[in-house]
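Here is the structure we will look at.
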Amino acid sequence: MNETDKRYIEEAAAHFKALLTEQLKRQRKMAAEAEGPRDFASMEKIVVGICPGDGIGPKIMDQSLGVLKVLLEEELASGRIELRWIDGLTIENRLACGKAVPEDVLAEIKACDVLLKGPTTTPKGGTMESANVTLRRELDLYANVRPVRVPEEGIDWIFFRENTEGEYALGSRGIEVPGELAMDFKVTTDAGTRRICRAAFEHAKANGKTLVACVTKANIMKKTDGNFSRICHEVAADYPGIEVEDYYIDIMTAKLVNKTARSRFQVFVLPNLYGDIITDEAAEIQGGVGTAGSANLGDRYAMFEAIHGSAPRMMEEGRGDYSNPASILKAASMMLSHIGLTEKADRLADALEACAAEKKVVITGHPDGATGYEFAEYVVSKL
Ligand code: IPM
Ligand code: MG
């Protein structure tokens, strides 16, 4: 071992020590400080931050705001709801500031109660973290909730993806011996796992669901996924009448394409990266990632977004106007339900489902299909 090797190892060990210290602190804080959900009903005013994002983001956001303004006419007029535009979460501004989420933008976001967000571009490689990952961490949005429904097949799934840990917690802070090896870290804390499992079981209980599938790869990731599964069973003990079944992620991805087996699943709870992957698969089964919405829930804040990316190719090819606002509209419906406007949330969800079933206006992402504007008009006609 030469001097350079020794230096790399020492630096990496010091880096690791700092990471472990920080993560342990985070787990202790979490274990000590669960706030519980907010009471939106008692709030005179709810501020909804609007972050359009990059690529097709501003296009689909425009269309969904068009729909929201019709749906929330009274609440906007009375001032109960404010839609507050937040500029600056663009890739140009983020690169110029050298920050995944510039501090002034984060401060504006934190002054809101909930957030509706378009997709944000993440630069590949380099050290800049994804804006999503930063926001999820900074706002402590620990539950990524993604429903997928295919009524004609009896599919009614809801995914509770852990949203602040796993491979994502330190994904931009791995170590490397250039040209020789690289290591990233995966973190699972007990408090972090317990709260996502609790959220999944609480949802199951409140909605009369009887089966929670806990999806890991605990046969390989023995510490992190092993703990996730163990804690999930501990939490399950508090919910008699709700069964928990363990699955490994590989077989679960297979089960989801098995038409005779898949409709029995109800609630899924899973670590971050598996949740990321399998929710794209599930959304595809529903009709594409453009059709699925996503809620990122914490105790204090909540962020609602499309599950797809910013589709830069669509913009480069001049197809932005043909992008599908259905995903962000689904997210908007989840947001309305979260802030207690259940009737409006259901009206929007039902309108979207009616549009998907009736298919009078179909978006293909190309000029042979409808524009996002035409689709939004169609949704408004079904409200
Ligand atoms: C998602 C996305 C994000 C993720 C990206 C944009 C960082 O794929 O919300 O599923 O990996 O979580
Ligand atoms: Mg994803």
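Just one of (1) buried (at least 20 other Cβ atoms within 10 Å of the Cβ); (2) more than 15 Å from ligand 2 (Cβ to nearest atom); (3) of a type outside the set (Lys, Arg); (4) not in a loop (DSSP other than H, G, I, E, B) fails for Met314. It is (1). With respect to (1) open to solvent by 40 Å² or more (accessible area, probe 1.4 Å); (2) out of contact with any Gly (no Cβ under 7 Å at 6 or more places or on another chain); (3) within 16 Å of ligand 1 (Cβ to nearest atom); (4) touching a residue at least 40 places away in the same chain (Cβ under 8 Å), the lone exception for Thr279 is condition (1).
Taking the range 190-307 and the helices (runs of 4 or more DSSP H) fully enclosed by it, the elements with 2 or more residues that are of a type in the set (Asp, Glu) are at 190-206, 224-236, 272-286. On the basis of being in contact with a Cys (Cβ under 7 Å, 6 or more places away or on another chain) and either surrounded by fewer than 16 Cβ atoms within 10 Å (Cβ to Cβ) or in contact (Cβ under 8 Å) with a residue 24 or more places away in the chain (or both), does Val244 make the cut? Criteria met by Val244. Within the range 72-88, residues that are farther than 13 Å from Met43 by Cβ reach partners that are surrounded by 15 or more Cβ atoms within 10 Å (Cβ to Cβ) and small (Gly, Ala, Ser) with beta carbons closer than 6 Å, at six or more positions or on different chains, in the pairs Arg84/Gly49; Ile86/Gly49.
Here Ala254 passes the criteria (1) of a type in the set (A, V, I, L, M); (2) touching a helix residue (DSSP H, G or I) at 6+ places or on another chain (Cβ under 9 Å); (3) within 27 Å of Thr210 (Cβ to Cβ) except the one numbered (2). Restricting Tyr274, Tyr322 to those that are open to solvent by 40 Å² or more (accessible area, probe 1.4 Å), in contact (Cβ under 8 Å) with a residue 40 or more places away in the chain and not hydrophobic (A, V, I, L, M, F, W, C) reduces the list to Tyr322.
The values are calculated or read from the model by the stated rules, or taken from the named source; none is laboratory data. If you're wondering where the values come from, they're calculated on a predicted model, not measured in any experiment. All Cβ positions, even for glycine, are placed from backbone atoms using ideal geometry, and neighbour counts span all protein chains on display. Side chains included, ligands, DNA and RNA excluded: accessible areas come from the protein's heavy atoms. Shrake-Rupley method; radii C 1.70, N 1.55, O 1.52, S 1.80 Å.
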